[in-house]
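Please read the structure below before turning to the comments.
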Amino acid sequence: MALNLMSGAAGTSSRFRSFFVLGRIREIPQATEPRDSRGTPTANGDDTAANRFAVFGSSFLRYLNHPPSNSWEDLEAPVLVVGGGVAGLSAAIEMAEAHQVLVATKAWLSDSNTDAAQGGVAAVLSPEDSLESHFEDTLGTGCGISNESVVRRVVQEAPDAIRRVMEWGGQFDRTLTGELALSLEGGHSAGRVVHALGDQTGREIQRVLVDRARTSPKLRIMEHAFVLDLVVNDGQAVGAILFSSGRFYRVHARAVIVAAGGCGHVFRETTNREVATGDGHAMMYRAGARLRGMEFMQFHPTTLYIAGAARMLISEAARGEGAILRDCHGHAFMDDLHASGSLAPRDFVSRAVLDRMVQTGHTNVYLDLRHLSPSFVRERFPRINRVCRTFQLDITKDLIPVAPAAHYMIGGASVDPDGRTSVPGLYAVGEAACTGLHGANRLASNSLLEGLVLGHCLSRTLRESLPVATSGSWEQPKPRRKLREEPNFDATDLLNSVQSLMWRQGGLLRNGAELAEASRRLEGWLLSASAIEQRSTAGWELLNLLQVSQLITHAARERTETRGVHCRTDFPDRDDRRWLVELELVCGAAGDIESHRIPVGPGAGSPRRQRSKKPRTSVEGTS
């Protein structure tokens, strides 16, 4: 009997088909299973992505715990939203006007990356600005592979998104005359960034969304609920498996929205909250969804760098207000490198900072606000001021030590303009999705904007056309090979190794030889860790991080050029002749990562998938 959290919700159930496909697994002995004439595993039934993998993947590792049947509990909700940040809540709140919605988040709602966002939301709200200017700034930063229709849609709906937040009780900062205070940030040609509480815009937006969500009679929030995997039946997403308070739950849903997109903790240095372990990307990949743009991880150039302290973002708004980047000799080096100086686009500034650190042999550079009014600095950046004071730094008198860190994953599930993934019934929004808005490099303060606008658009889509419930029943999963117990397995030690490897060999600067080596090591670690029965969120997060790391290195090896945030030192130039494409990754029938090239840009027409071979494990040469 299913426990119905949503009063009046229509019950949905399905035959359980899900799996955990982890890179190349052909070397692992498998139980007897159907194979074609080439020895490739096959599945019975239709040839949809999820079903093609189900037999092969579930025999390797889908269930991280394999609990007995009497330990499951069933929940029902027409719409399940995985993730409770700006994108997930924006979709859930308006969806709940028509349907009952369950929001599952693996920590507290306040632990999201949204809550930590400092800068603001970009929107054209001044008569001196224009929608066309915001459109062109976004396209220019995207380095040639943005989706122009998505960019125009988001830019056009941005002012309404700001007004909607204010109607719901949001308080943005204002000038002395009562107008919205608009700030300038890197890559923007005009001041169009609204902010709240100085440098705590994300916290204010999260407060507004959480307050509204908690008052919605059709919306239920389940905190500390870790979603392990999506459930796919006959090619359609029909729910998810989650773990909360020591119990496993099977959530039956007509539509599943993944809005858990943070991946920062793939890397040793990151601005992200601890929850950002790539769970959303990994679960969608395992469910057969196509992922796009995984080589594009944005690194923020100014993260507080104090040995032994957690990395904290120093907002780009600081440079927008006049802060200057200086090296250890006090030289304003950005003025020598770019016409916009310290306000150049993030990808350029991040690499310039790293290069200057190497040249000077210093562990960081510095951000200088000393020439600005002390009272203005303290009022404009209260959070940065508060944190720096705990380290005996007075930001009005002292230089702030900063260095680059992983900040935002541009890649995600390949979605259409309405948020649909390649798996029917599965949707993605926010950092979990790759919409084409950002191209190869995200414009500052376009991320909160994306969550507000496209979350709203997705809710509009599902209010009008919620998928029809499937019939059938979920089967109790049975592992087809025994996973071993390993009481001395140290997930933390392996996690540290993965993060260090990805920072050194898959981070800001990449080359074929190091990416190939990283891929080999990740594959070995993944095969080892996935053979062990994981019984904790730490173990599940580790497997997700390993999977996402493989996807990042695979895409980074294949794109043999430098574009936006993806920098190949062995292919230092942008190559529009060969690489005006997006890379789309999907789990192949044999468990390998399979890639396709999707042409973009004017005249590209309908996307046509050009299958690519797996990158060679030897050092890449010219290709």
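The values are calculated or read from the model by the stated rules, or taken from the named source; none is laboratory data. All figures in this text were calculated on a predicted structure; none of them were measured in a lab. Here Cβ is always computed from backbone atoms with ideal geometry, including for glycine, and neighbour counts include all displayed protein chains. Side chains included, ligands, DNA and RNA excluded: accessible areas come from the protein's heavy atoms. Shrake-Rupley method; radii C 1.70, N 1.55, O 1.52, S 1.80 Å.
So if I check each of M284, M312, M294, which one is in contact with a strand residue (DSSP E or B) (Cβ under 8 Å, 6 or more places away or on another chain) and open to solvent by 20 Å² or more (accessible area, probe 1.4 Å)?
Checking each option against the conditions leaves just M312.
Given (1) under 22 Å from A323 (Cα atoms); (2) touching a residue at least 60 places away in the same chain (Cβ under 8 Å), identify the lone condition not met by D173.
Unmet condition: (2).
Looking at the range 473-487, can you tell me whether even one residue there is open to solvent by 30 Å² or more (accessible area, probe 1.4 Å), at pLDDT below 95, in a helix (DSSP H, G or I) and farther than 30 Å from P159 by Cβ?
no
Inside the range 321-337, can you point out the residues that are more than 14 Å from R370 (Cα to Cα) and open to solvent by less than 60 Å² (accessible area, probe 1.4 Å)?
D327, C328, F333, M334
Cβ-Cβ distance below 6 Å, separation of 6 or more or different chains: which pairs start in the range 246-271 with a residue that is under 29 Å from A307 (Cα atoms) and polar (S, T, N, Q) and end on one that is outside any loop (DSSP other than H, G, I, E, B) and open to solvent by 10 Å² or more (accessible area, probe 1.4 Å)?
These pairs meet every condition: T271/L313; T271/H407.
If you scan the range 166-181, which residues turn out to be surrounded by 13 or more Cβ atoms within 10 Å (Cβ to Cβ) and in contact with a strand residue (DSSP E or B) (Cβ under 8 Å, 6 or more places away or on another chain)?
Answer for the range 166-181, where residues must be surrounded by 13 or more Cβ atoms within 10 Å (Cβ to Cβ) and in contact with a strand residue (DSSP E or B) (Cβ under 8 Å, 6 or more places away or on another chain): F172, D173, L180, A181.
For the range 345-361, check the following and say yes or no: at least one residue is modelled with pLDDT under 95, closer than 26 Å to A190 by Cβ, in contact with a Ser or Thr (Cβ under 8 Å, 6 or more places away or on another chain) and of a type in the set (D, E, K, R).
No - not one qualifying residue is present in the range 345-361.
Hey, does the range 258-279 have a residue that's touching a helix residue (DSSP H, G or I) at 6+ places or on another chain (Cβ under 6 Å), among the hydrophobic types (A, V, I, L, M, F, W, C) and either in a strand (DSSP E or B) or farther than 28 Å from R346 by Cα (or both)?
yes
Of everything in the range 530-562, what is farther than 15 Å from L228 by Cα, over 19 Å from the mean Cα position of the chain (by Cα) and in contact (Cβ under 8 Å) with a residue 40 or more places away in the chain? Give them in sequence order.
Those that are farther than 15 Å from L228 by Cα, over 19 Å from the mean Cα position of the chain (by Cα) and in contact (Cβ under 8 Å) with a residue 40 or more places away in the chain: A531, I532, R557, E558, R559, T560.
What number of residues within the range 182-209 satisfy the criterion of being open to solvent by 20 Å² or more (accessible area, probe 1.4 Å) and in a helix (DSSP H, G or I)?
Final tally of qualifying residues: 2.
Could you check the range 299-381 for helices (runs of 4 or more DSSP H) lying wholly inside it with 1 or more residues that are of a type in the set (S, T, N, Q)?
Filter on the range 299-381 gives 346-360, 374-380.
Are any of the residues in the range 400-407 open to solvent by 20 Å² or more (accessible area, probe 1.4 Å), assigned to a strand (DSSP E or B), modelled with pLDDT under 95 and within 30 Å of G308 (Cβ to Cβ)?
Taking every residue of the range 400-407 in turn, at least one turns out to be open to solvent by 20 Å² or more (accessible area, probe 1.4 Å), assigned to a strand (DSSP E or B), modelled with pLDDT under 95 and within 30 Å of G308 (Cβ to Cβ).
Within the range 135-147, which residues are touching a residue at least 40 places away in the same chain (Cβ under 8 Å) and farther than 10 Å from R563 by Cα?
Scanning the range 135-147 gives E136, D137, T138, L139, G140, T141, S146, N147.
When the residues of the range 418-469 are narrowed to those that are among the charged types (D, E, K, R) and outside any loop (DSSP other than H, G, I, E, B), which ends up most open to solvent (accessible area, probe 1.4 Å)?
The qualifying residue most open to solvent (accessible area, probe 1.4 Å) is E464.
Does Y249 count as crowded, with 24+ Cβ neighbours inside 10 Å and farther than 30 Å from G361 by Cα?
When the stated conditions are applied, Y249 does not pass them.
Pairs under 8 Å by beta carbon, first residue without any contact (Cβ under 8 Å) to a residue 40 or more places away in the chain in the range 389-403, partner part of a strand (DSSP E or B) and surrounded by 18 or more Cβ atoms within 10 Å (Cβ to Cβ), six or more apart or different chains?
What qualifies is L393/I400.
If you check A531 against the conditions, is it small (G, A, S) and surrounded by fewer than 18 Cβ atoms within 10 Å (Cβ to Cβ)?
In short, yes.
Restricting to the range 117-137, and then to whatever is in contact with a strand residue (DSSP E or B) (Cβ under 7 Å, 6 or more places away or on another chain) and not small (G, A, S), can you tell me which residue is nearest to Q171 (Cα to Cα)?
V121
Being touching a His at 6+ places or on another chain (Cβ under 9 Å) and part of a helix (DSSP H, G or I), is that true of even one residue in the range 552-561?
Within the range 552-561 (the criterion being touching a His at 6+ places or on another chain (Cβ under 9 Å) and part of a helix (DSSP H, G or I)), the answer is yes, since at least one residue qualifies.
Considering each of S110, S133, S146 in turn, give the residue that is among the polar types (S, T, N, Q), at pLDDT 95 or above and within 25 Å of the chain's Cα centre (by Cα).
None of the others qualify; the one that does is S146.
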